[in-house]
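The block underneath contains the structure these notes are about, expressed in structure tokens.
What follows draws every value from the coordinates through simple rules; no lab data is involved. These numbers were taken from a predicted model, which means no experiment stands behind them. Please note: Cβ atoms are built from the backbone with ideal geometry, for glycine as well, and neighbour counts cover all protein chains shown.
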Amino acid sequence: MKRVINSLIGISMILSSCDYVNFTKGVKNDSEKIFVSHKKFFKSLFFNGTISEKKYCAKCQFNKYQIIIDLKEKEPKTIDIGNFSYQPYYFFNDKNQLTISVTPNLYESVKAGLFIEKKMDSDSLTSERLQYDLLSDKESQWVPK
């Protein structure tokens, strides 16, 4: 009888671990879909404005470099709540500003007060006639290396 109970407990644990594995796979798949969806949205976005601030986070493992843009124009003009923010990659605030993660090269090359633009369906930014990579061409990576 003790063997039967131990066997049933063992089978129950195996089935529970299968449910856990399936759950974690589902979470991973959903997270990847959300990432790709936000990246596609951001690529399709048009905006321009003036760089108001640069932020550097030494203790951050990822996305150490960010710029804040005072937006002059953006398209679409109204951002759906689901696309309003995907931190730490981008964030629209209520002051008509956009905070975005950028490459170290872009961060070092621009300064506050400069005009900057991202064209629709583009993965780069333009400032002072220079073009900077903004989005990685790798599906699972946001900022290019």
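Under 5 Å between amide hydrogens, built in the peptide plane, is the criterion, and for K55 it picks out Q66, I67, I68 among residues at least 5 positions away or on other chains. Once the Cβ-Cβ distance of D70 and K145 is raised to the sixth power relative to R0 = 22 Å, the FRET efficiency obtained is 0.20.
Diffusion coefficient of the stretch 25-84 by Stokes-Einstein, Kirkwood radius over Cα pairs, 20 °C, 1.002 mPa s: 154 µm²/s.
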